[in-house]
Structure formats: structure tokens, C-alpha cells
Ligand code: A2P
């Protein structure tokens with residue numbers, strides 16, 4: 001059985017999932033999802049915002065059709081997009097996700113971001129001012145009401161559309177705001193987390209509120225370089241996979257650097273969702289429970305933490321003006 005963590009509502013959530021952000025990199029997302037499920041993954045993470053839910057759904061269907069896995073074995077996460085960040089839009093966007101995924105329910109529905117964007121039209125994931133110019137900017141919705149949205153998220157559980165609900169990119173203050181009013185508390189907070197940004201403060205706050213942590217970008221998101229190049233931009237990214245400490249631990253265990261990074265996070269009790277559309281890397285990332293890092297390895301990897309300076313996802317750069325939003329999380 002795939003190792004899992006018990007959520008505060010008693011559900012089991014597999015420690016390893018397939019991340020699907022940027023999975024439409026010219027590869028067939030459905031093929032990757034099916035390959036992951038047949039390789040033993042039992043957790044798939046997508047989002048309305050990734051615009052690939054239909055392909056993810058096809059992959060899940062194809063895996064189920066082999067008879068090797070059933071719907072109830074699979075933990076599927078999707079997320080309320082920033083353009084859905086108004087109480088009256090929550091159910092509409094969850095139903096749209098379920099339709100695209102061709103599922104009756106979602107295991108985990110997350111508020112993708114504490115910051116709302118304007119909903120220009122329902123297909124517009126990224127409502128932009130001055131698109132295509134150097135003044136291009138996301139249109140923020142400055143009226144985001146996290147409490148009103150959370151109350152609607154709770155009704156998604158009551159309607160049976162989501163088994164459990166959670167948050168993503170929320171800081172400790174925003175978590176406390178939700179916990180203070182929640183009838184159904186968030187079970188998960190999904191945040192950037194990897195050896196260079198180990199999220200110590202946030203993990204401590206999550207522990208106090210019995211909220212599990214899911215790490216996105218656990219390999220340092222090396223694919224983002226290509227993502228930016230396609231937009232004519234170049235970015236410098238730290239290379240976690242070539243870090244000398246990571247390489248030493250990887251040589252010691254005769255495992256790849258990626259396996260060491262993923263094993264480290266899961267041994268900290270954090271759920272991890274590496275993205276890959278490459279079948280051999282999907283398998284490699286899935287094979288992390290057959291070895292253990294010892295305390296020396298773990299201390300060495302813990303020492304790589306740079307705190308906030310180690311952040312790779314710089315939202316203020318991705319979305320200029322982000323820090324002006326009252327719910328900016330950093
Ligand atoms: P690919 O899809 O071609 O495998 P993150 O989950 O941190 O965002 O990282 C995802 C990126 O890391 C993707 O570009 C993915 O490329 C790459 N990747 C995934 N698994 C591995 C691996 N085992 N070794 C090296 N790169 C990997």
C-alpha cells in the first residue's frame with residue numbers, strides 16, 4: 001500500500017502524488033497520469049488553473065480501465081482558481097473541474113491562492129490588463145473575502161462534491177483567520193517546499209492546527225526555465241539537483257538526486273507532488289520508499305535551508321502588483 005498520512009478528518013492521503021503543473025509541456029498529460037497510476041502512485045494533483053483537468057481525467061479513466069486500480073484507490077486533488085475567488089463562484093468552479101475530470105467527487109479541493117483575480121470570462125485563467133505589451137498585468141480582485149469563500153468551501157463537503165477541503169499558499173495569519181471560523185477545518189495547506197526553502201515557521205503553524213503540508217516544487221521546479229523561455233524571458237534558477245550535499249547523499253545511497261530530495265521531504269512527514277511527464281522519471285520518483293535517509297543525511301539536508309531567501313516561486317515577479325493585494329501571502 002502507498003504510504004500515507006492521516007488527515008485531521010480521518011482520511012488517508014498518499015504521501016506521494018503526481019504534480020501536473022506545466023504537465024502540458026508538449027507531452028500527453030493523460031499518458032503521464034496513467035503511467036503514474038500503473039507505477040503505483042495513488043495521488044494526482046491538478047488544478048483548474050493548470051488547464052489540463054480533462055487530460056488528467058482521461059489518464060485516470062485509462063488506468064481504471066486496465067482493472068489494476070479503482071476510483072476509490074485514487075486520491076485526486078484540484079483547486080479553486082484565483083478567478084473563482086468569490087463565494088458565489090465556488091460551486092460553479094468545482095462543478096466545472098468535476099466535469100472536466102469526469103469525476104463525481106474530488107478527494108481534496110483546495111483554495112489555490114489567497115489572492116483573487118477578476119473573472120473577465122470563465123475561460124480566462126489569466127485576466128490581463130494590456131496583454132502582450134510591456135505593461136501587461138494581472139487584473140486583481142481586491143475584494144477577496146477568505147471567510148466567505150471558506151464557508152462556501154465547507155458546503156462543497158456537505159454537498160458531497162469534495163471529501164475534504166484545504167488551502168494553498170496561505171500564510172500562518174491566513175490559516176488562523178480560517179481556523180477561527182471553520183466548522184470544517186482545512187486538512188491540508190499546499191505550499192512551495194524544498195531543501196532551500198523548508199518552511200519551518202509555516203510547518204510549525206500547520207502542526208498546531210493539525211493541518212498536513214503538501215510540498216510543491218520539491219525538485220526546485222527546473223521546468224520553469226523552459227516555461228519562461230517560451231514567453232521570451234530568461235530566469236536563473238538554483239539547481240537543487242546538483243547541490244553538492246544532495247549529490248553526496250545521493251552517491252551514498254546509490255539513488256538519484258531527485259529521489260534524495262523527495263525522500264527527505266517525505267521523511268519530514270510532508271506530502272510531496274513532483275511533476276513529471278517522462279515515464280522513467282515518473283517511475284524513479286515513485287520509487288522512494290525502498291530506502292531511508294539516516295539522521296546524518298537528514299541533518300545535512302536540513303542545513304541547506306535558506307528560509308525565505310530560498311524561495312523559487314516569486315509571485316511578485318510572476319504577477320506584478322501582487323504585493324498590493326490585501327491577501328498577499330508574503
Ligand atoms: P520532466 O517532466 O521532463 O520529468 P517540480 O516538481 O519541483 O516542479 O519539478 C518538476 C520538473 O523536474 C519538471 O521539469 C520535470 O521534468 C523535472 N523532473 C521530474 N522528475 C525528475 C527527476 N527524477 N530528475 C530530474 N528532473 C526531474
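The values are calculated or read from the model by the stated rules, or taken from the named source; none is laboratory data. Since this is a predicted model, take the numbers as computed values, not measurements. Cβ coordinates were reconstructed from backbone atoms using ideal geometry, including for glycine residues, and neighbour counts include every protein chain displayed.
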Just the residues that are without any contact (Cβ under 8 Å) to a residue 60 or more places away in the chain and surrounded by 18 or more Cβ atoms within 10 Å (Cβ to Cβ), please, taken from the range 97-110.
97, 100, 101, 103, 106, 109
Evaluation of residue 253 against (1) over 20 Å from the mean Cα position of the chain (by Cα); (2) within 12 Å of the ligand (Cβ to nearest atom); (3) under 15 Å from residue 300 (Cα atoms) (one fails), failing number:
(2)
Filtered residues of the range 24-56 (kept if touching a strand residue (DSSP E or B) at 6+ places or on another chain (Cβ under 6 Å) and closer than 18 Å to residue 126 by Cβ)
46, 47
I'm trying to understand the selection: among the residues of the range 119-138, which are under 20 Å from residue 92 (Cβ atoms), in contact with a strand residue (DSSP E or B) (Cβ under 7 Å, 6 or more places away or on another chain) and surrounded by 17 or more Cβ atoms within 10 Å (Cβ to Cβ)?
127
Single unsatisfied condition, residue 322 versus (1) in contact with a helix residue (DSSP H, G or I) (Cβ under 8 Å, 6 or more places away or on another chain); (2) surrounded by fewer than 16 Cβ atoms within 10 Å (Cβ to Cβ)
(2)
For the range 179-229, give me each residue that is over 21 Å from residue 265 (Cα atoms), away from the ligand (no atom under 13 Å from the Cβ) and without any contact (Cβ under 8 Å) to a residue 24 or more places away in the chain.
180
From (1) within 21 Å of residue 313 (Cβ to Cβ); (2) surrounded by fewer than 23 Cβ atoms within 10 Å (Cβ to Cβ), pick out the condition that doesn't hold for residue 82.
(2)
Pick from the range 9-35, criterion surrounded by fewer than 19 Cβ atoms within 10 Å (Cβ to Cβ) and at pLDDT 95 or above, ranking: farthest from the ligand (Cβ to nearest atom):
10
What is the residue count in the range 307-317 for residues that are surrounded by 12 or more Cβ atoms within 10 Å (Cβ to Cβ) and not in a loop (DSSP other than H, G, I, E, B)?
4
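Where in the range 195-306 are the helices (runs of 4 or more DSSP H), entirely inside, with at least 1 residues that are modelled with pLDDT of 95 or more and surrounded by 14 or more Cβ atoms within 10 Å (Cβ to Cβ)?
200-208, 244-253, 257-267, 279-286, 295-302
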Could you grab me the full set of residues in the range 36-51 that are within 17 Å of residue 223 (Cβ to Cβ), within 16 Å of the ligand (Cβ to nearest atom) and either at pLDDT below 95 or not in a loop (DSSP other than H, G, I, E, B) (or both)?
36, 45, 49, 50
Given the criteria surrounded by fewer than 23 Cβ atoms within 10 Å (Cβ to Cβ) and outside any loop (DSSP other than H, G, I, E, B), does residue 54 qualify?
yes
